[in-house]
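Engineer: First the structure, then my questions, so here it is.
The values are calculated or read from the model by the stated rules, or taken from the named source; none is laboratory data. As the structure is a computational prediction, the values presented were derived from the model and not from experiment. When we count neighbours, we look across all protein chains shown, and the Cβ atoms used for this are built from the backbone with ideal geometry, even at glycine.
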Amino acid sequence: MHIQDLQTISLAVYFYLCKIIGFARAAAPKAYTKSMKYNDARTRQAIRHTVHCLVGCGIGEITGMVIAAGLGWHRPGRLALAIILAFVFGYGLTYRGVRRHATTAREAIRITMATDTVSIATMELVDNTIELLIPNALMVTATSFRFWWGLALSLAIAFVVTVPVNRWMMGKQPHAHNR
């Protein structure tokens, strides 16, 4: 891989994440809460939490897929690396925010694990299932339109599926999600 390819990929990742974050922050809370059964504070909080999860999972997915594609790995390796990095980035982003409010690092880790494990697992399950259904979406490089189209579609569907899961989790563990 040449340096120009890495620069192109880096710019593409940056603009892609800006679009995801901008769309999710601007459109999702308004449109999603109108269509959901419950238009309340918990739903809005679930949407914010899911946007946060989406960013971490998106960064991990993109990074994992780009690294694995660059190394010439096949589907199982690409999926494994993308899932591992999605959890690493998802937990890392949450831990950073929770640590500011927690009294100890141990408490921050406990809260992070309690609030994000189900959310990230749901998002990754849906995301990777959709990517597996799109022909060759996992076997193309990051310079391919199919890579970005498949990733955007799968993460958008994963977002829609994960919001109700997060809302339900907040009902079961309200203290953990109020950080």
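Engineer: Can you name the residue in the range 133-142 that is surrounded by fewer than 20 Cβ atoms within 10 Å (Cβ to Cβ), aliphatic (A, V, I, L, M) and in contact (Cβ under 8 Å) with a residue 12 or more places away in the chain and is also nearest to residue 77 (Cα to Cα) among such residues?
Structural biologist: Going through the range 133-142, the residues surrounded by fewer than 20 Cβ atoms within 10 Å (Cβ to Cβ) turn out to be 133-136, 139-141.
Those left that are additionally aliphatic (A, V, I, L, M): 133-134, 139-140.
If we keep only those that are in contact (Cβ under 8 Å) with a residue 12 or more places away in the chain too, we end up with 134, 139-140.
Numbers: 134: 17, 139: 11, 140: 14 Å.
Step by step, filter the range 133-142, then rank; the result is 139.
Engineer: Shifting gears a bit: Identify, from the list 64, 90, the residue that is surrounded by 15 or more Cβ atoms within 10 Å (Cβ to Cβ), under 14 Å from the mean Cα position of the chain (by Cα) and within 20 Å of residue 165 (Cα to Cα).
Structural biologist: On the way: 64 fails: within 20 Å of residue 165 (Cα to Cα).
The unique qualifying residue is 90.
Engineer: Pick from 114, 105, 137: which is at pLDDT 90 or above and either among the hydrophobic types (A, V, I, L, M, F, W, C) or touching a strand residue (DSSP E or B) at 6+ places or on another chain (Cβ under 6 Å) (or both)?
Structural biologist: Details: 114 fails: at pLDDT 90 or above; 137 fails: at pLDDT 90 or above.
One residue alone meets the criteria, 105.
Engineer: Now for a separate question. If you check 93, 151, which single one turns out to be in contact (Cβ under 8 Å) with a residue 60 or more places away in the chain and either of a type in the set (Val, Ile, Thr) or within 18 Å of residue 57 (Cα to Cα) (or both)? Reasoning before the result, please.
Structural biologist: On the way: 93 fails: in contact (Cβ under 8 Å) with a residue 60 or more places away in the chain.
Answer to the selection: 151.
Engineer: Can you report the number of residues in the range 143-169 which are aliphatic (A, V, I, L, M) and either crowded, with 20+ Cβ neighbours inside 10 Å or touching a Phe, Trp or Tyr at 6+ places or on another chain (Cβ under 9 Å) (or both)? Walk me through it before giving the result.
Structural biologist: First, pick out the residues of the range 143-169 that are aliphatic (A, V, I, L, M): 151-153, 155-158, 160-161, 163, 165, 169.
Within this subset, residues satisfying the condition of being either crowded, with 20+ Cβ neighbours inside 10 Å or touching a Phe, Trp or Tyr at 6+ places or on another chain (Cβ under 9 Å) (or both) are 151-152, 155-156, 158, 160, 163, 169.
Here the count works out to 8.
Engineer: In addition: Report, by residue number, each residue of the range 70-88 that is touching a helix residue (DSSP H, G or I) at 6+ places or on another chain (Cβ under 7 Å) and under 16 Å from residue 151 (Cβ atoms).
Structural biologist: If the condition is that a residue be touching a helix residue (DSSP H, G or I) at 6+ places or on another chain (Cβ under 7 Å) and under 16 Å from residue 151 (Cβ atoms), then 78, 79, 81, 82, 83, 85, 86 are the ones that fit.
Engineer: Still on this structure, I have one more. With (1) surrounded by fewer than 17 Cβ atoms within 10 Å (Cβ to Cβ); (2) not in a helix (DSSP H, G or I) as the list, and residue 107 as the residue in question, which single condition is left unmet?
Structural biologist: Failing condition for residue 107: (2).
Engineer: Shifting gears a bit: Under the condition of being of a type in the set (Ser, Thr, Tyr) and either closer than 19 Å to residue 169 by Cα or in contact with a Leu (Cβ under 8 Å, 6 or more places away or on another chain) (or both), which residue from the range 23-47 is modelled with the highest pLDDT? Break it down into steps so the answer makes sense when it comes.
Structural biologist: Initial filter on the range 23-47 (of a type in the set (Ser, Thr, Tyr)): 32-33, 35, 38, 43.
From what is left, the residues that are either closer than 19 Å to residue 169 by Cα or in contact with a Leu (Cβ under 8 Å, 6 or more places away or on another chain) (or both) are 32-33, 38, 43.
Working: 32: 46, 33: 44, 38: 53, 43: 85.
Ranking the candidates gives 43 first.
Engineer: Still on this structure, I have one more. Quick check: is even one residue across the range 48-63 among the acidic types (Asp, Glu) and at pLDDT below 85?
Structural biologist: We begin by selecting, within the range 48-63, every residue among the acidic types (Asp, Glu); these are 61.
Still in the running and at pLDDT below 85: none.
No.
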